[in-house]
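Participant: Quick one: the structure is below, questions incoming.
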Amino acid sequence: MSDLRKSLVLHGGVLVLLFGLQFVLPAYHHGVVARVMVMASYAIGYNVLFGYTGLLSLGHAMFFAAGMYGMGLTVGVLGTAPALAFGVVAGALLAAVVGALALRTAGVAFMIVTLMFAQAGYLTILYFGTYTRGDEGFVIPQAQRVLGAVDLSDPANRYFAALALFALCLMVSLRLVHTSFGRVLIAIRENEERARMLGYNVFARKWAAVVISGTLSAAAGAFYGLLFGYAGASFAGVQYSIFPLLWVLLGGAGTVLGPLVGTLFMFYLIDLSSGVTSAYMLIAGVALVLLTLFAQQGLMGEVRARVWRWLP
């Protein structure tokens, strides 16, 4: 069996497993896994930029929030489907502008510039609190969380919508890895100067990676607001730029399944440890340190290095 076929079977099997879990999971875990799939979609967007292109961003929350607020502020006027599209387009346009400006820098400077843009976005949300409700946020009414004839506030429908989003983001990431464009991104990550010497337009490809990454992140934000019925300024804060970085590092940067594994691991680590002690973040921190020391490539990265070398 070819490596490509193995990859398709593995990732298709993961989607089938997630589909089947809908029918057997208890109510609590059913909701958690739905939330994990949406946030894993956000992490997949981040992985395109960090894992495959080698660009460390500390401002991805602005794209997530752009999708969330683009959808949340227009759903009552435009309707559900147009509002979702508006949120995704808002994130894509923001990514295009931010990418064009931030990519004039490199390394630590790029990281700082993206952080500054994200903070500007966060402060903008607070400034226009009349519309955004600031830190308090706003609830999206159940009547507006209907796509066609499907009520997305229903747990089963919400799960399938989250699975559809995750499947789309996963397939985009998997397809990207197997294209010449994706291979050039990896080449830029490994040795940018050599890629430039080979004649590739490095700036254009890095800019395209920022736009793709921002678009996927905005889609996750739009779906999160719609499926869980809430939009708030906290989702534009620094912590929501750090979270996808942690999820990707834990799961394995530069692996297609890494974002899902890292997100699932972190969600349940915090959930289980919080039931044992109020110092649950200490347990999470210790686990992160141990993983950093003994699984430096992340969980799926170690699987690729030790078992399945064909893993994308």
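The values are calculated or read from the model by the stated rules, or taken from the named source; none is laboratory data. Just so you know, these numbers come straight off a predicted model, no measurement behind them. Virtual Cβ from ideal backbone geometry, glycine too; neighbours counted across all protein chains shown.
Participant: Go through LEU123, LEU115 for me and flag whichever is part of a helix (DSSP H, G or I) and crowded, with 16+ Cβ neighbours inside 10 Å.
Facilitator: Details: LEU123 fails: crowded, with 16+ Cβ neighbours inside 10 Å.
Every option except LEU115 fails the conditions.
Participant: State all residues of the range 1-55 that are surrounded by 14 or more Cβ atoms within 10 Å (Cβ to Cβ) and outside any helix (DSSP H, G or I); if no residue qualifies, say none.
Facilitator: GLN22, LEU25, THR53, GLY54, LEU55
Participant: Something else about it: Within the range 250-282, which residues are in contact (Cβ under 8 Å) with a residue 24 or more places away in the chain, assigned to a helix (DSSP H, G or I) and surrounded by fewer than 24 Cβ atoms within 10 Å (Cβ to Cβ)?
Facilitator: Filtering the range 250-282 for residues in contact (Cβ under 8 Å) with a residue 24 or more places away in the chain gives 250-265, 267-268, 271.
Restricting the remaining residues to those that are assigned to a helix (DSSP H, G or I) gives 250-251, 258-265, 267-268, 271.
VAL261, LEU264, PHE265, PHE267, TYR268, ASP271, listed by residue number.
Participant: Ok, one more. Suppose the filter is surrounded by 14 or more Cβ atoms within 10 Å (Cβ to Cβ), in a helix (DSSP H, G or I) and at pLDDT 90 or above; does LEU291 pass it? Explain how you work it out, then say what you get.
Facilitator: Details: surrounded by 14 or more Cβ atoms within 10 Å (Cβ to Cβ): yes; in a helix (DSSP H, G or I): yes; at pLDDT 90 or above: no.
For LEU291, the condition - surrounded by 14 or more Cβ atoms within 10 Å (Cβ to Cβ), in a helix (DSSP H, G or I) and at pLDDT 90 or above - is not met.
Participant: Select from the range 296-312 the residues that are within 22 Å of the chain's Cα centre (by Cα) and outside any helix (DSSP H, G or I) and write down the one among them that is surrounded by the fewest Cβ atoms within 10 Å (Cβ to Cβ). Steps first, answer last, please.
Facilitator: Narrowing the range 296-312 to residues within 22 Å of the chain's Cα centre (by Cα): 296-304, 311-312.
Those still in the list that are outside any helix (DSSP H, G or I) too: 296-298, 311-312.
On the way: GLN296: 11, GLN297: 17, GLY298: 27, LEU311: 20, PRO312: 22.
By that ranking, first place goes to GLN296.
Participant: Considering the range 168-209 alone, what residues qualify as being in a helix (DSSP H, G or I) and farther than 21 Å from PRO312 by Cβ?
Facilitator: Step one: filter the range 168-209 for residues in a helix (DSSP H, G or I), giving 168-177, 180-190, 192-197, 202-209.
Across the range 168-209, the qualifying residues are GLU192, GLU193, ARG194, ARG196, MET197, VAL202, PHE203, ALA204, TRP207.
Participant: Tell me which residues, restricted to the range 239-263, are closer than 20 Å to ARG133 by Cβ and out of contact with any Phe, Trp or Tyr (no Cβ under 7 Å at 6 or more places or on another chain).
Facilitator: Here is the first cut: in the range 239-263, the residues closer than 20 Å to ARG133 by Cβ are 239-240.
Within the range 239-263, just GLN239 meets the criteria.
Participant: Here are some conditions: (1) within 30 Å of ASP154 (Cβ to Cβ); (2) buried (at least 16 other Cβ atoms within 10 Å of the Cβ); (3) free of Cβ contacts under 8 Å to residues at least 60 places away in the same chain. PHE223 meets all but one. Which one does it not meet?
Facilitator: Exception for PHE223: condition (3).
Participant: Starting from the range 143-171, take each residue that is farther than 16 Å from VAL16 by Cβ and aliphatic (A, V, I, L, M) and list its partners that are surrounded by fewer than 15 Cβ atoms within 10 Å (Cβ to Cβ) and modelled with pLDDT of 90 or more, counting only C-beta distances under 8 angstrom and pairs at least six apart or across chains.
Facilitator: LEU147/ALA81
Participant: Looking at VAL238, is it within 28 Å of ARG304 (Cα to Cα) and surrounded by fewer than 24 Cβ atoms within 10 Å (Cβ to Cβ)? Even if it seems obvious, please write down each step before you answer.
Facilitator: Values: within 28 Å of ARG304 (Cα to Cα): no; surrounded by fewer than 24 Cβ atoms within 10 Å (Cβ to Cβ): yes.
When the stated conditions are applied, VAL238 does not pass them.
Participant: Can you tell me how many residues within the range 145-166 are in a helix (DSSP H, G or I) and either among the β-branched types (Val, Ile, Thr) or buried (at least 19 other Cβ atoms within 10 Å of the Cβ) (or both)? If you could, list the steps in order and put the result at the bottom.
Facilitator: Taking the range 145-166 and keeping what is in a helix (DSSP H, G or I), we get 155-166.
Still in the running and either among the β-branched types (Val, Ile, Thr) or buried (at least 19 other Cβ atoms within 10 Å of the Cβ) (or both): 158-159, 161-163, 165-166.
Selection size over the range 145-166: 7.
Participant: Still on this structure, I have one more. Evaluate the following for SER217: is it within 18 Å of the chain's Cα centre (by Cα), modelled with pLDDT of 95 or more and crowded, with 23+ Cβ neighbours inside 10 Å? Steps first, please.
Facilitator: Working: within 18 Å of the chain's Cα centre (by Cα): yes; modelled with pLDDT of 95 or more: yes; crowded, with 23+ Cβ neighbours inside 10 Å: yes.
Judged against the criteria, SER217 is a match.
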